[in-house]
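Below is one structure; the comments refer to it alone.
Read-outs throughout are calculated quantities, based only on the coordinates presented, and are distinct from any laboratory measurement. What you are looking at is a predicted structure, and each value in this text was computed from that prediction instead of being measured. Here the Cβ is made from the backbone with ideal geometry for all residues, glycine too, and neighbour counts use every protein chain on show.
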Amino acid sequence: MITLFHYPQTRSSRFIFLLEELGAPYQIHQITKLVETRDPSNPQPHGKVPAIRDEETGDVVYESPAIALYLTDKFPKAGLGPTVGQQGRGAYLSWLVYYGSVMEPAFMSKFSNTPVPRPQAGWVEMEEAMAHVIGQLSKTPYLLGEAFSAADVLYGTTFAMFGKSPMMPKSEVIDLYVKHVTERPALARAQAKEGTR
Amino acid sequence: MITLYHAPRSRSSMIVWMLEELAQPYKIEITPIIYGDGSGTHAPESYRTVHPHKKVPALDHDGVKVFECAGIAAYLADRFPDAKLAPPIGDPKRGLYASLLAYWAGPLNAIPTAHMSGWDKDRPTGFGRFDEMEAFLEKTIAAADPWILGKQFTAVDVLCAAALNFYMMFDILPKKPVYTGYAERANDRPAAKRAREKDAG
């Protein structure tokens with residue numbers, strides 16, 4: 001059993017989506033408040049979401065790329081992430097880490113109108129990061145190729161959220177990708193379980 | 001065969017250390033980059049097929065390509081389990097291991113970078129606050145006995161020790177005994193010494 005620590009309409013929402021995709025046994029623990037007055041039942045070190053607890057081991061996992069990796073490794077039959085030694089594992093890890101280390105900071109820089117402190121920064125301008133993503137999605141429907149993976153849960157939901165922003169580069173490739181990700185039945189099931197603030 | 005695309009005294013130096021801990025044969029492909037101080041030269045455009053932003057490190061293992069430090073470290077530690085640089089899948093420490101790798105790649109890189117550039121001086125960055133990140137880091141390092149996950153030295157130690165070395169060198173983090181003690185312990189490992197010798201050329 002996986003417990004998801006969740007707050008509606010935040011970064012934890014997409015993990016309901018992933019858990020639905022995985023067909024994993026899970027329960028949602030909606031925390032009362034976010035960081036301002038932290039909920040003591042939330043094991044995330046900064047009082048944020050998402051975090052999960054594996055009730056089998058008591059193990060707590062936080063940071064979106066880590067949660068995605070942990071869950072696809074624990075439930076490999078769903079085929080949502082290449083396992084160790086399987087073809088695509090290198091690309092899968094690269095995309096997961098890239099999400100946290102490049103994509104999110106690139107978006108933060110763009111939306112707060114702050115230049116990326118290069119060359120020291122480990123990330124790049126949003127346009128350059130998006131060019132990398134678009135380059136891959138011009139060749140294959142999903143980041144890892146023909147098959148949908150947990151990496152697409154992270155990127156697809158992010159682009160769906162920011163897609164309407166005038167700061168996002170217009171791209172038919174991204175529009176089609178978002179359409180494919182958001183049309184998945186698991187997302188509709190997840191949205192029904194989202195809860196209210 | 002493992003090939004590491006590496007620039008001396010850069011982020012890829014920690015992967016040299018990782019590879020020395022792994023004790024697998026590997027070769028180094030020296031790759032030009034622009035350093036933090038602006039020195040260096042750009043890699044040729046052809047390098048973009050290896051790394052989308054022409055940075056280091058990047059790794060090629062029998063045709064499998066991986067980039068991002070934490071991605072490479074996670075890949076290698078799982079692929080070569082005999083080196084015991086990762087708790088296996090199903091181990092009760094696997095979750096903390098994965099969380100710290102991702103925390104290292106995200107907040108532990110973005111927050112100090114934003115702090116150094118003065119971005120967080122008068123407004124929040126969205127990455128999280130520097131003092132909160134440091135409190136978490138200090139608690140994590142203080143609990144290392146002797147390593148972050150316990151008796152077993154793992155890829156998380158390579159990354160965290162490398163980050164501490166770098167952040168203390170540039171006074172981004174204070175040289176607290178808890179940091180220096182842990183970093184010295186890690187830097188003293190034979191693999192760390194071999195990596196420094198190779199990095200120096």
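Taking every alpha-carbon pair under 8 Å whose residues sit at least 6 apart, the range B:2-84 reaches a relative contact order of 34 percent.
Of the residues A:171, A:160, A:145, the one whose Cα sits farthest toward the positive end of the charge dipole of the range A:111-197, with +1 on the Cβ of Lys and Arg and -1 on the Cβ of Asp and Glu, is A:160. Computed from backbone phi with θ = phi - 60° and the Karplus coefficients 6.51, -1.76 and 1.60, the 3J(HN,Hα) list for the range B:116-132 is 4, 7, x, 4, 8, 4, 10, 7, x, 8, x, 8, x, 8, 4, 5, 5 Hz; x is used for glycine and proline.
Computed about the Cα centre, the dipole magnitude for the range B:102-146 is approximately 160 debye when only Lys and Arg (+1) and Asp and Glu (-1) carry charge, each at its Cβ.
Averaged over the residues of B:86-96, the number of partner chain Cβ atoms lying within 10 Å of the residue Cβ comes to 5.
Looking at the range A:111-176, which GluC sites (Glu not before Pro) are DSSP coil and have at most 10 other C-beta atoms within 10 Å of their C-beta? If you can, show how the numbers build up before the last one.
Numbers: sites: A:125, A:127, A:128, A:146, A:172; in loops: A:125, A:146.
Within the range A:111-176, the qualifying GluC sites (Glu not before Pro) (loop, at most 10 other Cβ atoms within 10 Å) are A:146.
The simple spin-label model puts a point 7 Å past each Cα toward its Cβ; for residue B:42 and residue A:179 those points are separated by 3.6 nm. Between residue A:1 and residue A:24, the contour length at 0.36 nm per residue exceeds the Cα-Cα span by 7.5 nm.
Taken residue by residue and averaged, Cβ atoms of other chains lying within 10 Å of the Cβ of B:66-77 number 6. Protection proxy ranking, highest mean first, for peptides B:17-25, B:69-77: B:69-77, B:17-25, where packing is the per-residue count of other beta-carbon atoms within 10 Å, averaged.
Might you report the magnitude of the Cβ-based charge dipole of the range A:89-184 about its Cα centre, with Lys and Arg at +1 and Asp and Glu at -1, to the nearest 20 debye? Walk me through the numbers on the way to the answer.
Values: 8 positive and 9 negative charges, 13 e Å.
Value, rounded to 20: 60 debye.
Note: relative contact order over the range B:99-201, using C-alpha pairs below 8 Å and six or more positions apart, is 22 percent. In order along the range A:54-67, the phi-based Karplus estimate (6.51 cos²θ - 1.76 cosθ + 1.60, θ = phi - 60°) of 3J(HN,Hα) comes to 7, 5, 6, 10, x, 5, 9, 10, 9, 6, 3, x, 5, 5 Hz; Gly and Pro are listed as x. Given R0 = 25 Å, the distance between the Cβ atoms of residue B:168 and residue B:121 translates into a calculated FRET efficiency of 0.70.
Under 18 Å from a label point 7 Å along Cα→Cβ of residue B:143: give me every residue in the range B:166-190 with its amide N that close. Output list for this probe position: B:178-179, B:182-183.
If R0 equals 25 Å, the separation of the Cβ atoms of residue B:180 and residue B:91 corresponds to a calculated FRET efficiency of about 0.25.
Going through the range B:104-168, which trypsin sites (Lys or Arg not before Pro) have at most 14 other Cβ atoms within 10 Å and a DSSP loop state? Kindly include the intermediate steps, with their values, before the conclusion.
On the way: sites: B:121, B:129, B:139, B:151; in loops: B:121, B:129, B:151.
Taking the range B:104-168 and a limit of 14 other Cβ atoms within 10 Å, the loop trypsin sites (Lys or Arg not before Pro) found are B:121, B:151.
The lysines whose alpha-carbon is closer than 25 Å to the alpha-carbon of residue B:54, local same-chain residues fewer than 8 away aside, are A:110, A:139, A:170, B:27, B:65, B:198.
In whole percent, what relative contact order does chain B give with Cα contacts below 8 Å and a gap of six or more residues?
Values: 242 pairs, mean separation 45.3, N = 201.
Relative contact order of chain B: 23 percent.
Rounded, prolate or oblate: which fits the range A:31-169 when a ≥ b ≥ c are the square roots of the eigenvalues of the alpha-carbon gyration tensor, with rounded for a/c under 1.5 and prolate only if a/b beats b/c? Judged from the Cα gyration tensor, the range A:31-169 comes out oblate (a/c at least 1.5, b/c at or above a/b). Here the Karplus relation 6.51 cos²θ - 1.76 cosθ + 1.60, evaluated at θ = phi - 60°, turns the backbone of the range B:142-158 into coupling constants of 5, 7, 5, 9, x, 10, 4, 9, x, 5, 8, 6, 10, 4, 4, 5, 4 Hz, with x for every Gly and Pro. Here's how it looks for residue B:53: its modeled amide H is under 5 Å from none belonging to a residue 5 or more places away or on a different chain.
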